[in-house]
1. For a quick check: sort 30, 404 by the number of other beta carbons within 10 angstrom, fewest at the front.
2. Taking Cα atoms, how many degrees apart are the long axis of helix 311-328 and the longest axis of the chain, rounded to 10 and kept between 0 and 90?
3. Sort 51-57, 182-188, 88-94 by packing, meaning the average of other beta carbons within 10 Å per residue, with the highest value first.
4. For helix 3-60, report the angle its Cα long axis makes with the longest principal axis of the Cα atoms of the chain; keep it between 0 and 90° and round to the nearest 10°.
5. Specify the inter-centroid distance of the stretch 123-151 and the stretch 16-85, based on alpha-carbon positions, in whole Å.
6. Label-point separation (nm) for residue 369 and residue 339, each offset 7 Å from Cα along Cα-to-Cβ?
7. Could you list 167, 386 so that the one with the fewest beta carbons within 10 Å of its beta carbon is first and the one with the most is last?
8. If packing is taken as the average number of other Cβ atoms within 10 Å across a peptide's residues, how do 301-312, 140-151 rank, most packed first?
């Protein structure tokens with residue numbers, strides 16, 4: 001599944017679930033809010049009925065309205081209270097709004113309840129008639145604070161958005177994890193397919209090379225014997241030409257043997273050895289082929305670095321890389337930086353040579369690909385093969401005219 005299809009397959013349903021959750025939760029919160037408000041109204045109405053009975057009792061005991069309201073003025077849930085006669089004239093009242101009584105007789109019916117917004121929040125208003133004495137009617141107007149209800153609703157709202165946010169974040173992290181796993185799986189699958197194709201191609205090349213080598217070696221052996229006989233019978237002035245022909249035949253034979261050897265599966269004989277000592281030995285070998293007075297090879301390590309690898313094969317791999325850097329550098333420094341990182345060794349070989357064209361960087365590790373006139377395109381291919389046989393990895397970064405860097409990662413250091 002491609003990355004885009006994966007996102008569509010997972011994230012769209014996830015977003016759909018979030019939207020459905022949001023809508024259903026909002027509807028549920030609205031329902032709970034309405035039910036709670038209705039329940040609070042019922043409770044406040046019941047409290048008002050009890051209050052009417054108490055006020056009727058106080059009136060029969062000849063308490064003044066001011067004295068009655070004074071006993072209720074300390075209750076936090078009562079914001080204002082008023083007593084009206086049967087003509088709806090205010091007999092007395094008390095308010096926590098500093099002399100403000102939000103009552104409009106034009107809108108008040110015989111009995112009713114409603115909610116208003118005030119500087120102190122929502123207030124539940126209740127207007128109801130009652131009879132403190134027989135033949136005498138009064139009206140009770142009372143306002144209850146809904147602050148606790150509003151706090152509960154606000155708390156519920158905060159919790160909803162908090163839970164929704166947590167679900168969203170967890171979902172995003174979860175699906176990002178799935179996406180990374182799927183991406184990693186696709187990359188490994190692609191690498192496996194490429195590796196399988198490479199192995200198949202190399203197997204075909206190996207079989208082809210072995211067949212061609214077998215068919216060519218027999219005629220070459222015959223030619224070698226023929227040149228041997230000619231060398232004995234030709235005049236002295238022609239013996240040099242015959243010897244040169246024999247040498248070229250032997251060179252062809254060595255090339256065929258080298259191809260056959262390089263294309264065979266690698267068998268490792270692992271041992272522990274110092275990377276610094278191996279590089280020193282390689283420098284000594286290269287000094288016989290190259291003039292190292294113009295190009296200096298320097299080795300750097302923060303601490304002693306050891307490899308658990310096949311010393312002979314690893315020496316051949318580093319020899320090929322350094323020789324490639326020397327061929328690309330007329331002067332300057334080839335630096336080798338090595339460090340132990342966790343359970344692996346990382347090596348960087350950097351030169352200041354002519355660099356590798358971008359179009360060639362993807363092909364330099366292919367067999368028989370070379371930009372050199374006399375190169376056979378086997379060295380870097382064999383180097384990559386040796387490093388991968390050690391379960392390592394090699395990468396190249398280069399800019400034309402600015403040098404080349406080979407990064408090598410070898411586990412088991």
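Quick note: the coordinates plus some simple rules give every number you see, no bench work behind them. Computed from a predicted structure; not experimentally measured. Glycine also receives a Cβ, built like all others from the backbone with ideal geometry; neighbour counts cover every protein chain displayed.
1. Working: 30 10, 404 25.
Sorted ascending by nearby Cβ count, the order is 30, 404.
2. Between the helix axis and the principal axis of the chain, the angle is about 90 degrees.
3. Numbers: 51-57: 16.3, 182-188: 12.0, 88-94: 14.6.
Going from most to least packed, we get 51-57, 88-94, 182-188.
4. Between the helix axis and the principal axis of the chain, the angle is about 20 degrees.
5. About 8 Å separates the Cα centre of the stretch 123-151 from the one of the stretch 16-85.
6. With each label placed 7 Å out from Cα toward Cβ, I get 3.0 nm.
7. 167, 386
8. 140-151, 301-312
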